[in-house]
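Just so it is clear, none of the values below were taken in a lab; they were calculated from the coordinates. Not measured: the values here are computed from a predicted model. Please note: Cβ atoms are built from the backbone with ideal geometry, for glycine as well, and neighbour counts cover all protein chains shown.
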Amino acid sequence: QVQLVESGGGLVQAGGSLRLSCVASRSIFSINSMGWFRQVPGKQRELVAGITRGGSTNYADSVQGRFTISRDNAKNTVYLQMYSLKPADTAVYYCNAENSGLKYWGRGTQVTVSS
């Protein structure tokens with residue numbers, strides 16, 4: 001079992017940047033995969049970025065080159081650094097952890113990008 005708490009969301013102008021943090025309730029060293037998803041009303045939750053235990057990363061095409069995911073095992077934290085934000089990035093961002101066939105979710109943090 002692991003609890004995830006996101007922070008760092010907020011209101012930002014287009015072109016701006018934000019860094020989201022996801023703090024886990026226990027060590028993430030052994031967690032196979034962690035990631036960030038986002039969801040807007042009326043749409044399915046979509047993968048934004050993922051990072052494996054070994055440090056391999058993957059990104060949605062829409063954020064490639066603008067967002068960077070990283071993990072700090074010593075702090076039990078996963079980050080999502082977001083640059084060049086666009087209004088289309090507006091969503092609730094959720095932290096996710098997947099391990100041994102189980103999925104865990106945080107409650108989300110709102111990101112709003114104004115034009």
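Taking θ as phi - 60°, what are the ³J(HN,Hα) couplings along region 105-113 by the Karplus curve (6.51, -1.76, 1.60), each to the nearest whole Hz, with x for Gly and Pro?
10, x, 8, x, 9, 7, 10, 10, 10
Sort largest first and round to whole Å: the equivalent ellipsoid semi-axes of region 1-47, each the square root of five times a Cα gyration tensor eigenvalue.
24, 15, 10
If the chain between Q81 and E98 were fully stretched, how many nm would it gain, using 0.36 nm times the residue separation less the Cα-Cα distance?
Taking Q81 through E98 to full extension adds about 4.1 nm, to one decimal.
Sequence neighbours fewer than 8 away in the same chain don't count; with that in mind, list the lysines whose C-alpha is under 27 Å from K86.
Here the lysines satisfying the reach criterion relative to K86 are K43.
From the backbone phi of region 66-82, what are the Karplus-calculated ³J(HN,Hα) couplings (6.51 cos²θ - 1.76 cosθ + 1.60, θ = phi - 60°) in whole Hz, Gly and Pro given as x?
Ordered by residue, 3J(HN,Hα) equals 10, 10, 9, 9, 8, 9, 10, 4, 5, 9, 6, 10, 10, 10, 10, 8, 10 Hz.
Output the Cα-based Rg and Dmax of the chain in Å, rounding Rg to one decimal and Dmax to a whole number.
Using the Cα atoms of the chain, the pair Rg, Dmax is 13.3, 42 Å.
With a Förster radius of 30 Å, plug the Cβ-Cβ distance of V2 and S114 into 1/(1 + (r/R0)^6) and report the FRET value to the nearest 0.05.
Between V2 and S114 the formula returns 0.35.
What's the longest piece of the chain with no exposed trypsin sites (Lys or Arg not before Pro), counting a site as exposed if DSSP puts it in a loop and it has at most 13 other beta carbons within 10 Å?
Result, exposed sites excluded: 44-106.
With the contact rule set at Cα under 8 Å and sequence spacing of 6 or more, what percent relative contact order holds for region 1-94?
For region 1-94, the relative contact order is 33 percent.
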